[in-house]
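The values are calculated or read from the model by the stated rules, or taken from the named source; none is laboratory data. Note that this is a predicted model, so its numbers are computed, not measured. Cβ: placed from backbone, ideal geometry, glycine included. Neighbour counts: every protein chain shown. Protein only, heavy atoms only, side chains kept; ligands, DNA and RNA dropped before computing areas. Shrake-Rupley method; radii C 1.70, N 1.55, O 1.52, S 1.80 Å.
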Amino acid sequence: MTRSACYFVVRCLTDPDTPASGGAFAPVTVRAPEGSLLNARPPAAVAAGNVETSSRIADVVFLAFGEAIDVPAQGQGTMNNVTLGSDRFTYYETIGGGQGACSDADGPSAVHVAMSNTLSTPTEALELAYPIRVERHGLRLGSGGVGRHRGGDGVSREVRVLEPCRLSIVSERRRHAPQGRKGGEPGARGRNLLNGEQLPAKVTRDLDPGDVVRIETPGGGGYASPGLSAS
């Protein structure tokens, strides 16, 4: 995962269309001290490494390259992991958000940034297979950071559970907003809510029938101050 996140950044900043291969990444060396967060050894916990830790690595490496070359504003920086389940069923999903703007384009909205772009489960299939009803699934309009090029908008997703179950959320960017670039404004921070009550970024709760879970994902950062050249 640590290597993949670094390779991803290098690929974005060189030639994104080059097929992934060992040869393409041969010039890249990744060093992470053994036993550290990014090179863990048993019995260290490594849950969410491929979804949340990888996002932090990509952000840091982009910022490092940004000292020398142009890089995009920060994207949502999380995959907004949501699990609902009981002894009878388990449902897991990740939710897209805003991608950061760059020097020549706005950031796309409602996409996974960096490590994945998994598709959303169709509402009809979800409601047919699980005791879950989708109340809302749409863009979180205005959540992208303002700039000459605007960051992409996040997603607002709201589901109602129809039988007792347990909720687990693993998310980031609830405290720190995705930052803009060269004067662009930050994107909106994400929010997790249960029946209107704000929840922490990482939380587990027991749910009753009728409870409503709402996930508002972060927007991407804007690029360059509005009205100014992005060069």
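Assorted remarks:
- Residue selected from region 158-170 under the condition open to solvent by less than 70 Å² (accessible area, probe 1.4 Å) and in contact with an Asp or Glu (Cβ under 6 Å, 6 or more places away or on another chain), by the criterion nearest to D59 (Cα to Cα): E158
- Of all residues in region 17-44, those that are farther than 14 Å from C6 by Cα have Cβ atoms under 7 Å from Cβ atoms of residues that are of a type in the set (K, R), 6 or more apart or on another chain, in T18/R11; E34/R41; G35/R41.
- Unmet requirement for Y92, which otherwise passes all of (1) closer than 30 Å to L194 by Cβ; (2) touching a residue at least 12 places away in the same chain (Cβ under 8 Å); (3) not in a loop (DSSP other than H, G, I, E, B): (2)
- Per this entry, V71 is counted among residues that are at pLDDT 95 or above and either assigned to a loop (DSSP other than H, G, I, E, B) or more than 25 Å from L126 (Cα to Cα) (or both).
- A count restricted to region 186-204 and to residues that are surrounded by 14 or more Cβ atoms within 10 Å (Cβ to Cβ) and under 20 Å from V134 (Cβ atoms) stands at 6.
- Of residues in region 86-117 being of a type outside the set (D, E, K, R), farther than 28 Å from G184 by Cα and in contact with a Ser or Thr (Cβ under 8 Å, 6 or more places away or on another chain), the one most open to solvent (accessible area, probe 1.4 Å): Y92
- Some residue of region 145-153 being touching an Asp or Glu at 6+ places or on another chain (Cβ under 8 Å), crowded, with 18+ Cβ neighbours inside 10 Å, within 17 Å of E93 (Cα to Cα) and at pLDDT 95 or above: no
- Qualifying residue in region 197-206 (condition: assigned to a loop (DSSP other than H, G, I, E, B) and either under 29 Å from N50 (Cα atoms) or under 22 Å from the mean Cα position of the chain (by Cα) (or both)): yes
- Count of region 205-231 residues which are open to solvent by 20 Å² or more (accessible area, probe 1.4 Å) and closer than 18 Å to L162 by Cα: 8
- Among residues that are touching a residue at least 24 places away in the same chain (Cβ under 8 Å), under 30 Å from G145 (Cβ atoms), in a loop (DSSP other than H, G, I, E, B) and among the aliphatic types (A, V, I, L, M), I57 is not included.
- Qualifying residues in region 118-135 (those that are surrounded by 15 or more Cβ atoms within 10 Å (Cβ to Cβ) and hydrophobic (A, V, I, L, M, F, W, C)) - the one nearest to G220 (Cα to Cα): V134
- Residue, most open to solvent (accessible area, probe 1.4 Å), within region 176-185, restricted to residues that are small (G, A, S) and farther than 14 Å from G98 by Cα: G183
- For L119, the conditions (1) touching a residue at least 24 places away in the same chain (Cβ under 8 Å); (2) in a loop (DSSP other than H, G, I, E, B); (3) of a type outside the set (D, E); (4) under 22 Å from F89 (Cα atoms) are fulfilled apart from (1).
- Among the numbered conditions (1) surrounded by fewer than 20 Cβ atoms within 10 Å (Cβ to Cβ); (2) part of a loop (DSSP other than H, G, I, E, B), the only one that R173 does not meet is (1).
- Residue check, A26 part of a helix (DSSP H, G or I) and either β-branched (V, I, T) or open to solvent by less than 80 Å² (accessible area, probe 1.4 Å) (or both): no
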